[in-house]
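Engineer: Got a structure here, written out as structure tokens. Questions coming.
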Amino acid sequence: MGIKRMDLLLDNALIFDGRSPSLFSGWIGVEQGTIAAVEHRTTPPPAQAARRLDLQQRVLMPGLIDTHVHLGLDASPNPVGFITSLTPAELALRMAAHAAATLAAGVTTLRDLGCRGHVDLALRQVVQEGLLPGPRILCAGEMICMTGGHGWQFGLEVDGQDQVRRGVRRQLKAGADVIKFMATGGVCTKGVEPGQTQLTREEMAAGIETAHLAGRKTAAHAQSLQGTKNAVAAGIDSIEHGADLDPAALEAMLKNDVFLVPTLAAGASMIAGGTASGLEDFMVAKSQAHRSARLEGLAKAKAAGVKIAMGTDAGTPLNRHGHNVHELLELNQAGFTPLEALQAATVHAAELLGFKDCLGRIAPGCLADLLIVDGDPTLDLQVLGVQDRLLAVYQSGQLRSGRWFQTPGSDGL
Ligand SMILES: [Zn+2]
């Protein structure tokens, strides 16, 4: 291992590898964008490396993974008005800016759970080609909702099993990585209640089967017990938001290996902003009404051992892109240790996305998506939200953002 010439050697680091309960001092070697070696400091690093960086005991950790984002929403008080009023060209350019801000915040992978007109798929492509900066993007394309259901303004309205199948196939044809179903009403759509059941279990089962046949995972927006039960019985892979979870629902989630993505930052942002920030009354009222049900559901899910992945729902009102750390802080407040919150945003999020062997950890064989942090986020998550503390963001071994600049021989301050 020590003989091979590394593309990049990050030496003298304090490593949070995603799994280990504590940090350890050591170094990692990167070859062709992949982590090739992770060693404790007792093992001497190779003498040869194309680029070598002495981290001086700064923390090295996996890039964050946000499993619930809407790059097409602008976090204004009226993001639905935003996404529905712009031309596709305007929307694409603004989404590119949202993606760049998200990457600069240390999010190296995200899942976009609902956009308009497949602009998300176009953005995914240009980011993949390296033409624009952004996290790796997994896209849902258009959300599958019932006629007049939550998100209808930019989702695809379908009714009945055949229409749901067709709707899913349209997303698959466009190249969606994941399919999103609306199992209940929601906060941001006027006139629908979060507790109201929307797509039926039979409709979702037809759509989920169609997605699974194509090897795609599925996510359900569900803000009530019945909606969650319907989605889980239909075969869903993750429950987004969740609320009012009872023992039977939790048992079904455990049995079927269903993740919960609590998205606490969404409601918290609206409650903190209030109507003074320009939000409509009904949004603030619904957020407040559902806050305790969400927190209780999360606490029960955590206690039951349900897997939990980090998702911000960034783009929803006042829940801005590039402030993804907000969700980690919310999880912390809800009883997660900083380490547990970080695991929800790394190793567990990677598993939900189907990348547990190549993302979310610092381990040989994983992609070199890495953050260098001045401060220890396992003690204080706040350091991740301070621009000067996030020293570097790497994707596949390439420096994308931060205060450490690449020079021909080494990366340095
Ligand atoms: Zn959402």
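Engineer: Report, by residue number, each residue of the range 185-207 that is modelled with pLDDT of 95 or more and crowded, with 24+ Cβ neighbours inside 10 Å.
Structural biologist: GLN198, LEU199, GLU203, MET204, GLY207
Engineer: Here's another thing I want to ask about it. Checking the conditions here, which among VAL38, VAL119 is among the β-branched types (Val, Ile, Thr), in the same structural domain as GLY278 (by TED's automatic domain parsing) and modelled with pLDDT of 95 or more?
Structural biologist: Every option except VAL119 fails the conditions.
Engineer: Among what's in the range 329-352 and is buried (at least 24 other Cβ atoms within 10 Å of the Cβ) and hydrophobic (A, V, I, L, M, F, W, C), pick the residue that is farthest from PRO135 (Cα to Cα).
Structural biologist: LEU331
Engineer: Shifting gears a bit: Look at the range 129-167 and say how many of its residues are in contact with an Asp or Glu (Cβ under 7 Å, 6 or more places away or on another chain), farther than 13 Å from ALA183 by Cα and in a strand (DSSP E or B).
Structural biologist: 4
Engineer: Return the residue satisfying two criteria in turn: it lies in the range 324-348 and is within 16 Å of the ligand (Cβ to nearest atom) and among the charged types (D, E, K, R), and of such residues it is farthest from LEU110 (Cα to Cα).
Structural biologist: So the residue we want is GLU330.
Engineer: To continue, here is another question. Within the range 92-116, which residues are touching a Phe, Trp or Tyr at 6+ places or on another chain (Cβ under 9 Å) and either under 13 Å from ASP66 (Cα atoms) or surrounded by 24 or more Cβ atoms within 10 Å (Cβ to Cβ) (or both)?
Structural biologist: Passing the criteria: THR108, THR109, GLY114, CYS115.
Engineer: Considering only the range 186-241, state which residues are under 21 Å from ARG166 (Cβ atoms), free of Cβ contacts under 8 Å to residues at least 24 places away in the same chain and not in a helix (DSSP H, G or I).
Structural biologist: Matches in the range 186-241: GLY215 only.
Engineer: Surrounded by 16 or more Cβ atoms within 10 Å (Cβ to Cβ), more than 16 Å from the ligand (Cβ to nearest atom), part of a helix (DSSP H, G or I) and modelled with pLDDT of 95 or more - does that describe any residue in the range 253-272?
Structural biologist: Yes, there is a match, as at least one residue in the range 253-272 is surrounded by 16 or more Cβ atoms within 10 Å (Cβ to Cβ), more than 16 Å from the ligand (Cβ to nearest atom), part of a helix (DSSP H, G or I) and modelled with pLDDT of 95 or more.
Engineer: Oh, and also: Taking the range 100-128 as the search range and keeping residues that are in a strand (DSSP E or B) and within 16 Å of the ligand (Cβ to nearest atom), which one is nearest to PRO88 (Cα to Cα)?
Structural biologist: Result: ASP112.
Engineer: Could you pull out the residue among VAL30, VAL69, VAL59 that is touching a helix residue (DSSP H, G or I) at 6+ places or on another chain (Cβ under 8 Å) and modelled with pLDDT of 95 or more?
Structural biologist: Going through VAL30, VAL69, VAL59 in turn, the sole match is VAL69.
Engineer: Yes or no: the range 310-323 includes at least one residue that is assigned to a strand (DSSP E or B), modelled with pLDDT of 95 or more and either within 16 Å of the ligand (Cβ to nearest atom) or not assigned by TED's automatic domain parsing to the domain that holds ALA97 (or both).
Structural biologist: Yes.
Engineer: Tell me, please, whether a residue that is within 16 Å of the ligand (Cβ to nearest atom), more than 20 Å from ASP112 (Cβ to Cβ) and within 22 Å of the chain's Cα centre (by Cα) can be found in the range 240-250.
Structural biologist: Yes: the range 240-250 contains one or more residues that are within 16 Å of the ligand (Cβ to nearest atom), more than 20 Å from ASP112 (Cβ to Cβ) and within 22 Å of the chain's Cα centre (by Cα).
Engineer: Residues in the range 285-309 that are of a type in the set (D, E, K, R) and within 16 Å of the ligand (Cβ to nearest atom): how many?
Structural biologist: Number satisfying all stated conditions: 2.
The values are calculated or read from the model by the stated rules, or taken from the named source; none is laboratory data. The structure displayed is predicted, hence computed values, not measured ones. With ideal geometry, Cβ positions are generated from the backbone for all residues, glycine too; neighbour counts draw on all protein chains shown.
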